[in-house]
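Below is one structure, written out as structure tokens, with a few remarks after it.
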């Protein structure tokens, strides 16, 4: 990082810094655990001669067991893109205005989680609904193993509650789709034939007034062989929106390649591939009781509002362990 010219290419420099952070996130705790294990050996020898430190030894063993469990969890983040940043898109689905509101609630949940993990977040695209909530939003989450942790969030998220938009106070079921792709560095080769991509321009939506966008600056890219569609309208510059849309498309195609590899692996073990985009993965209940339950892993939390405040790490970790069990040979 101190080499002359390192920061001349900002994007490549940030990529290197990101790789360094990802490596430190694993090597640092591992080095500390190995050092602590050596210290524990010395403490046990001392405890043979001095009973007063037996309690300290027991406490240190428990601490090291927790550290080992955390390292074991990180070892599960071994996919080809797990160390990358994540591009996370939320789309409102069935449920009318409630679904738009639900999509915005999920966006806040992921932003809160990222803040708690001290990850950097960039809003790439946001399309507000005229009445409430959002139609869609896309964010980039950057930090050690961001994609590795978040990739299990891909799928349909279902909310059951008394609708705040229904004057009769009826129960409403709403759906929002979450899609997570790895933020692939420019140095990683992703083959995209420009002839396979259709580009459409359109006028970005906004709240109106003097800041409304009066030009066709928004970009939509359609990869015709796969049917993948991405769009960006967050910037006033068409050039910037186009660059961001291409980054999003590269991320989607990288994820498709990863899913293809997972499907081949599952076929080898004569199992079904793990659920993907469009499959219901988690239920969130505000009525008749408050709870959140993952359909795949069975992990459940009895505090809805805590989950909405971004406390989803237990769900992410339970998915990682569940995935390993699915990959074990029958």
Candidates 290, 172, 62; GNM for the chain (alpha-carbon contacts under 10 Å) flags as most fluctuating 62
With Cα atoms, 0 to 90° folded angle of helix 54-74 axis to the chain main axis: 30 degrees
Relative contact order of the chain, please, whole-number percent, based on alpha carbon pairs below 8 angstrom and at least 6 residues apart. 17 percent
Could you check the simple spin-label distance between residue 173 and residue 295, using points 7 Å along Cα→Cβ, in nm with one decimal? 1.0 nm
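Would you please give the FRET efficiency between residue 130 and residue 200, computed as 1/(1 + (r/R0)^6) with r the Cβ-Cβ distance and R0 = 30 Å, to the nearest 0.05? The partial results should precede the final answer.
On the way: r = 22 Å, r/R0 = 0.72.
E between residue 130 and residue 200, to the nearest 0.05, is 0.85.
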Residue of 245, 146, 58 that the Gaussian network model of the chain assigns the largest fluctuation, springs spanning Cα pairs under 10 Å: 58
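Tell me, what is the percent relative contact order of region 10-74, built from C-alpha pairs under 8 Å that lie six or more residues apart?
Details: 21 pairs, mean separation 24.0, N = 65.
Reported relative contact order: 37 percent.
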Would you mind calculating the gained length between residue 257 and residue 44 on full extension (0.36 nm times residue separation, minus the Cα-Cα distance), in nm to one decimal? 71.7 nm
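For region 48-165, count all C-alpha to C-alpha pairs, find those more than 24 Å apart, and express that count as a whole percent of the total. Display every interim value, and only then the final one.
Working: 3205 of 6903 pairs.
Value for region 48-165: 46 percent of Cα pairs lie more than 24 Å apart.
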Spherically averaged projected area of the chain from its Cα convex hull (nm²): 23.8 nm²
Given a Förster radius of 41 Å and the C-beta distance between residue 94 and residue 237 as r, what FRET efficiency does 1/(1 + (r/R0)^6) yield to the nearest 0.05? 0.75
For region 61-104, how big is Rg over Rh, using alpha carbon atoms and the Kirkwood form of Rh? 1.32
Taking only Cα atoms, what is the 0 to 90° angle, nearest 10, from helix 96-116's long axis to the longest principal axis of the chain? 40 degrees
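At a Förster distance of 45 Å, what's the computed FRET efficiency of residue 73 paired with residue 193, Cβ-Cβ distance as r, to 0.05? Provide the component values of the computation, followed by the final result.
Working: r = 39 Å, r/R0 = 0.87.
That gives a FRET efficiency of 0.70.
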Send over the per residue convex hull volume for region 10-74, Cα only, as a whole number of Å³. 74 Å³
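Students often check this: by mean Cβ neighbours within 10 Å, which of 230-236, 83-89, 28-34, 281-287 ranks highest, and how do the rest follow?
Ranking the peptides 230-236, 83-89, 28-34, 281-287 by packing returns 83-89, 230-236, 281-287, 28-34.
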Starting with the fewest neighbours, write out 26, 162 ranked by other beta-carbon atoms found within 10 Å of each beta-carbon. 162, 26
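Sort 240, 170, 74 so that the residue with the fewest other Cβ atoms within 10 Å of its own Cβ comes first and the one with the most comes last.
170, 240, 74
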Mean Cβ neighbour count within 10 Å, used as a protection proxy, ranking 121-133, 9-21, 37-49 highest first: 121-133, 9-21, 37-49
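222 nm [θ] for the chain, helices only, -39500 (n - 2.57) per DSSP H run of 4+, per residue, to 500? All intermediate terms of the calculation are to be shown ahead of the outcome.
Details: 7 runs with 138 residues, N = 330.
One gets -14500 deg cm²/dmol as the mean residue ellipticity at 222 nm.
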Principal-axis tilt of helix 238-268 within the chain, Cα atoms, nearest 10 degrees: 50 degrees
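Values in this text are rule-based calculations from the coordinates and carry no lab data. Owing to the predicted nature of the structure, the values given are computational and were not obtained by experimental measurement. Glycine gets a Cβ as well: all are built from the backbone with ideal geometry, and neighbour counts include every protein chain shown.
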